[in-house]
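Notes follow the structure.
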Amino acid sequence: MLLALGVPAAAQMFPSRPVKIVVPTTPGGATDALSRSLGARLAELWAQPVVVENRAGATQIIGGEYVAKSPPDGYTLIVSDAATFIMNPITHRTLPYDGLRAFTPITLLVRFPWVVAIHPSVPASTFQEFVAYARTRPGALSYGSFGTGSSGHISVEYMKKLLGIDVVHIPYKGAGPAVTDLIAGQIQMMMVTPLLVEPHARSGKLRLIAAATPTRIARLPELPTIAESGVPGYEAGTWFALAGPAGMPREVTTAIYRDVKKVLDEPAFREKYLERQWFEVVANTPDDFAAFLRKDYERWEKLIRLSGVKAD
């Protein structure tokens, strides 16, 4: 009957057992939060458990390798930012997986903005004041990122080159631990999603001094952009995407994309899990996501070269 209807059996039957979503960062970060909310809703839709498993370490290489070497049947997926798909293939001479070719693109889930957050001990209330303070104290301040070679690391290093400042990089295994140390004053600055720092800024534990977006963030209209604050044309931010191992059947990829898009398009899900988290839904098709990856790879390759970041 399935053949007569022209519907592939694999897509009709998927999933027939639990699905695993690998998050290549530590619990508590934005990647983890999105994956768990998406996984819970897909479990309802599929009537199958969706297990979110954190496999952090080595700037997301551990999680990326695990998924790349898993069976390409759709039952092991990864939610990651650009590090897994773009930064690591560019910055590492050797990888245990074959860069972009190691994955089946499913969809670019969401984009989200970044802001520059500083600890209140730094005597600066604007981005310009922070830069001026840093220039007089080369090497005395530090900033956190969610890993060496991550988009956050590269973006700040590029900004440092443009401004001629020396702020020491401290890598973490995820954004969550870095924000914890930022609040404690162990590091003084971070470029990060507002999701993790805006509540702390409202309570006075942190200070937001700039947005890394091309234009001001709608929900933070009083926060100037870095471009407005003396670095014309500067912008930074990232995205989260869903992929599987290379070689997944087209019908399974399409089936997963269709259901993920259905979830992302649900008004209640958007309000509860996306808009409150500062996410902008993309949900493009597998083909469009593959084309986006190729274009973004070229863009980051240029930024990485200009930033001088080398992972190994």
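Here are some notes:
Yes or no, residue by residue, for (1) out of contact with any strand residue (DSSP E or B) (no Cβ under 7 Å at 6 or more places or on another chain); (2) at pLDDT below 95; (3) surrounded by fewer than 18 Cβ atoms within 10 Å (Cβ to Cβ):
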{"residue": "Thr148", "(1), (2), (3)": "no, yes, no"}
{"residue": "Ile154", "(1), (2), (3)": "yes, yes, no"}
{"residue": "Lys161", "(1), (2), (3)": "yes, yes, yes"}
{"residue": "Val168", "(1), (2), (3)": "no, no, yes"}
{"residue": "Lys173", "(1), (2), (3)": "yes, yes, no"}
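- Residues of the range 106-122 classified as assigned to a loop (DSSP other than H, G, I, E, B) and either of a type in the set (A, V, I, L, M) or within 14 Å of Ile226 (Cα to Cα) (or both), total: 2
- In this structure, Ile78 does satisfy being surrounded by 24 or more Cβ atoms within 10 Å (Cβ to Cβ), aliphatic (A, V, I, L, M) and either at pLDDT 90 or above or in a loop (DSSP other than H, G, I, E, B) (or both).
- Matching residues, the range 58-113, being under 16 Å from the mean Cα position of the chain (by Cα), hydroxyl-bearing (Ser, Thr, Tyr) and under 18 Å from Ala246 (Cβ atoms): Ser80, Thr84, Thr107
- Residue check for Ala83: at pLDDT below 95, assigned to a helix (DSSP H, G or I), touching a Leu at 6+ places or on another chain (Cβ under 9 Å) and surrounded by 17 or more Cβ atoms within 10 Å (Cβ to Cβ): no
- Unique match (being part of a loop (DSSP other than H, G, I, E, B), crowded, with 17+ Cβ neighbours inside 10 Å and within 16 Å of the chain's Cα centre (by Cα)) among Ala283, Ala241: Ala283
- Selection from the range 93-109 of residues that are open to solvent by 30 Å² or more (accessible area, probe 1.4 Å) and in contact with a strand residue (DSSP E or B) (Cβ under 8 Å, 6 or more places away or on another chain): Pro105
- Residues that are among the hydroxyl-bearing types (Ser, Thr, Tyr), part of a loop (DSSP other than H, G, I, E, B) and at pLDDT 95 or above within the range 9-57 comprise just one, Ser16.
- Cross-chain or 6+ apart pairs with Cβ under 7 Å, the range 211-232 first and of a type in the set (S, T, N, Q), then open to solvent by 60 Å² or more (accessible area, probe 1.4 Å): Thr213/Glu235; Thr225/Thr215; Thr225/Arg216; Ser229/Gln128
- Being touching a Lys or Arg at 6+ places or on another chain (Cβ under 9 Å) and farther than 19 Å from Ala201 by Cβ is a property that Gly174 lacks.
- Residues in the range 123-177 that are outside any helix (DSSP H, G or I) and among the polar types (S, T, N, Q): Ser125, Thr126, Thr136, Ser142, Ser145, Thr148, Ser150.
- Every condition in (1) open to solvent by 30 Å² or more (accessible area, probe 1.4 Å); (2) modelled with pLDDT under 90; (3) hydrophobic (A, V, I, L, M, F, W, C) holds for Phe112 except the one numbered (1).
The values are calculated or read from the model by the stated rules, or taken from the named source; none is laboratory data. Just so it is clear, the structure is predicted and the values come from calculations on it, not from any experiment. Heads up, the Cβs are rebuilt from the backbone with ideal geometry, glycines too, and the neighbour counts pull from every protein chain shown. Ligands, DNA and RNA are excluded from the accessible area calculation, which covers all protein heavy atoms including side chains. Shrake-Rupley method; radii C 1.70, N 1.55, O 1.52, S 1.80 Å.
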